[in-house]
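Colleague: Take this structure first; my questions come after.
The values are calculated or read from the model by the stated rules, or taken from the named source; none is laboratory data. These numbers were taken from a predicted model, which means no experiment stands behind them. Cβ atoms come from the backbone with ideal geometry, glycine included; neighbour counts cover every protein chain shown.
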Amino acid sequence: MDVPVSGVLPAFAQPGDAGADLTATEPVTLAPGQRAVVGTGVRLALPDGTVGFVMPRSGLAAKHGITLVNAPGTIDSGYRGEIKVIILNTDSTETYAIAAGDRIAQLVVMQLAPVNFIQTEQLSASQRGEGGFGSTGYASDQEAHHGTV
């Protein structure tokens, strides 16, 4: 799929990658617990029937505690402004510095199935039913029987 881009081109680090790297256009220093909105210089014209998702980079999360506040961030096909990333430093003691040009997030573009919401009085039954947060449990049956989690 062709996606017109104005400004900085997102780039795939490896062939076959799902996410294209988004880079910072400005330096930012994040103290522990601090968040900032960081520009990427990317503006897109996503085709109708597609959506962009801005996702955290796993290496930044694992090594430095850097994540995105609203992950995944949703980019609708009609949006034409700059993609900005809300970055959060979750580390409790270390400051993290971002330089202009650093990879800070990933952009995943996906096709959407058309959706038509239909009003109904009752939904069909399912095995899960109305079970919400935590309703499927936290440990596998095997872990629960061995006392490990």
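Colleague: Looking at segment 31-82, what strands (runs of 3 or more DSSP E) fall wholly within it and have at least 2 residues that are touching a residue at least 24 places away in the same chain (Cβ under 8 Å) and small (Gly, Ala, Ser)?
Modeller: Strands (runs of 3 or more DSSP E) meeting the threshold: 35-44.
Colleague: Would you pick out the residues in segment 36-63 that are surrounded by fewer than 16 Cβ atoms within 10 Å (Cβ to Cβ), within 25 Å of residue 92 (Cβ to Cβ), out of contact with any Ser or Thr (no Cβ under 6 Å at 6 or more places or on another chain) and not β-branched (Val, Ile, Thr)?
Modeller: Matches in segment 36-63: 58, 59, 62, 63.
Colleague: Scan segment 21-30 for residues that are surrounded by fewer than 19 Cβ atoms within 10 Å (Cβ to Cβ), not acidic (Asp, Glu) and not in a loop (DSSP other than H, G, I, E, B) and jot them down.
Modeller: Answer for segment 21-30, where residues must be surrounded by fewer than 19 Cβ atoms within 10 Å (Cβ to Cβ), not acidic (Asp, Glu) and not in a loop (DSSP other than H, G, I, E, B): just 29.
Colleague: Enumerate the pairs (first residue in segment 104-127 and over 30 Å from residue 21 (Cβ atoms); second residue anywhere and of a type in the set (Asp, Glu) and surrounded by 10 or more Cβ atoms within 10 Å (Cβ to Cβ)) with beta-carbon separation below 6 Å, excluding pairs fewer than 6 apart on the same chain, so at least 6 apart or on different chains.
Modeller: Close Cβ pairs (under 6 Å, with a partner that is of a type in the set (Asp, Glu) and surrounded by 10 or more Cβ atoms within 10 Å (Cβ to Cβ)) do not exist here.
Colleague: Do we find a residue being of a type in the set (Gly, Ala, Ser), within 16 Å of the chain's Cα centre (by Cα) and surrounded by 16 or more Cβ atoms within 10 Å (Cβ to Cβ) anywhere in segment 10-18?
Modeller: no
Colleague: Here is a further query. Name the single residue, out of those in segment 92-126 being under 19 Å from the mean Cα position of the chain (by Cα) and of a type in the set (D, E, K, R), that is farthest from residue 52 (Cα to Cα).
Modeller: Applying the filter and picking the extreme gives 102.
Colleague: Filtering segment 99-149 down to residues that are polar (S, T, N, Q), exposed (fewer than 10 other Cβ atoms within 10 Å of the Cβ) and at pLDDT 90 or above, which residue is nearest to residue 67 (Cα to Cα)?
Modeller: Ranking the candidates gives 111 first.
Colleague: May I pose another question? State the number of residues belonging to segment 65-102 that are touching a Ser or Thr at 6+ places or on another chain (Cβ under 9 Å), more than 15 Å from residue 20 (Cα to Cα) and not aliphatic (A, V, I, L, M).
Modeller: 9
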